[in-house]
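Asker: Structure provided below as structure tokens; questions to follow.
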Amino acid sequence: MCIKKIFVAFLFFMAGIYCHAQDECELTLTRATDEFNAGHLFGIPAMLNDCLNKNQNDEWRQRAYLLLAETYLLLEDPVGAENSYLEVLRANPEYVTDPQRDPIDLVYLSKKFTATPIFGFYALLGPNTSPIRVIHDVTIDGEAQTQQSYKLRLGWQIGGSVDYNYNENITVSAGFNYVFTGFQHVTTNLFGPNKDIVEFLDRQTWAVIPLTVRYTDNIGKIRPYVYAGYSANFLLRDKGILNVFNRDSRVTTTETTTEELSSAENETPNLNLNDHRQRLNGSFLLGGGVKYKYKFDYFFVDLRYSFGMKNMANTQNRFDNYAEGLPYPYVDDDFRMDNLAISIGYIRPFYKPRKLKKARTKSVFRFINKHRGDATDQPQ
């Protein structure tokens, strides 16, 4: 118990020292600002040096290095000004100068730097469904009265991606997704009107590698984006189940010898469909979504539609039995499988403050020329 009390007292003591240090450095920054406003520039770097070497919070470091950058600009020390502004971006990678608020020489200096992330990472999770596009309808009995339809099934996906940011708006992404999909095929009137119904449930597991180019709005907390690309889809496993509802089964009652129509259901075990599918497929992607900025990271909601580009059915094995000695009343159509996916996710950008090879100063010159024009237009 005594050790616990000592430990708690020590924590309070250290917290007090830290708060005192913070207060001292805040006072130091205030004094340095007063010196700057009074035109006493030479002593400011030395005043701030001790506090800058301590573990100050990012907000304090941003304000201190901004003051130093302005100081070095007035002292005509371009190296000191550039190094100070680089530290501003390390404290706050998304700091942006404002010509209406900041000195124009500081705004001009800021255009030589960027902290736009070169790389980023995102992770996603969500549901999907897979619409089927029939290329060629194939039936068992060849009768026109047979009716076939496809129904949607719910799947899900999980994955991640590495982003390369070409600039503030354009991003190239390469990802890896683990995707579960499925669909249901229903055949009615298989052997005549009001005869058998065959329900076929197909479930796939995919490894998907999407490659996309994305355009994103880079202003505000809510940032919409759109993208397009291609994905290589590797079928890892395909399992299916057949349910046969026989509506022409005959039974005999105990009170009469008359046979009556009834319905019987037969369900197969899981069928291995790997040999009945093309294992390597591809898709064309279109998508979009909204990113929400939280501090330096992002959360997003994404909607993606993938257009299957290849026939899923292996036509060479189309009429092979699904299991040895067990013929089933089902055969694959030629079909493409699309995918509609909704995902939520998290983006972690890796900021890298750096000096640009070419400064982006056109906007500064436009601002200066505009205000010169406004001043010229004023009545004398």
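The values are calculated or read from the model by the stated rules, or taken from the named source; none is laboratory data. All of these numbers come straight from a predicted model, not from anything done at the bench. For neighbour counting, all protein chains shown are included, and Cβ atoms are generated from backbone atoms with ideal geometry for every residue, glycine included. For the accessible areas, the whole protein counts, side chains as well, though only heavy atoms, and no ligand, DNA or RNA atoms are used. Shrake-Rupley method; radii C 1.70, N 1.55, O 1.52, S 1.80 Å.
Asker: Out of all the residues in segment 88-107, which are part of a helix (DSSP H, G or I) and surrounded by fewer than 18 Cβ atoms within 10 Å (Cβ to Cβ)?
Answerer: R90, I104, D105
Asker: Output the number of residues of segment 263-276 satisfying the condition of being part of a strand (DSSP E or B) and touching a residue at least 60 places away in the same chain (Cβ under 8 Å).
Answerer: Total meeting the criteria: 0.
Asker: Test L271 against the stated conditions and say whether it is in contact with a Phe, Trp or Tyr (Cβ under 9 Å, 6 or more places away or on another chain) and modelled with pLDDT under 95.
Answerer: Taking the combined requirement at face value, the residue satisfies it.
Asker: Report, by residue number, each residue of segment 343-361 that is farther than 17 Å from G160 by Cβ, in contact with a Pro (Cβ under 7 Å, 6 or more places away or on another chain) and either at pLDDT 95 or above or open to solvent by 60 Å² or more (accessible area, probe 1.4 Å) (or both).
Answerer: Across segment 343-361, the qualifying residue is only K352.
Asker: Moving to a separate point now. Could you tell me which numbered condition V331 fails, if it satisfies all but one of (1) at pLDDT 65 or above; (2) over 33 Å from the mean Cα position of the chain (by Cα); (3) loosely packed, with under 14 Cβ neighbours inside 10 Å; (4) of a type in the set (A, V, I, L, M, F, W, C)?
Answerer: (3)
Asker: Among residues belonging to segment 140-168 that are surrounded by 15 or more Cβ atoms within 10 Å (Cβ to Cβ) and more than 24 Å from W206 (Cβ to Cβ), point out the one that is modelled with the lowest pLDDT.
Answerer: Applying the filter and picking the extreme gives I140.
Asker: Counting just the residues of segment 81-110 that are small (G, A, S) and more than 19 Å from Q56 (Cβ to Cβ), which one comes out modelled with the highest pLDDT?
Answerer: This residue is A81.
Asker: How about segment 127-138: which of its residues are surrounded by 15 or more Cβ atoms within 10 Å (Cβ to Cβ) and either at pLDDT below 95 or at positive phi (or both)?
Answerer: Scanning segment 127-138 gives a single hit, V138.
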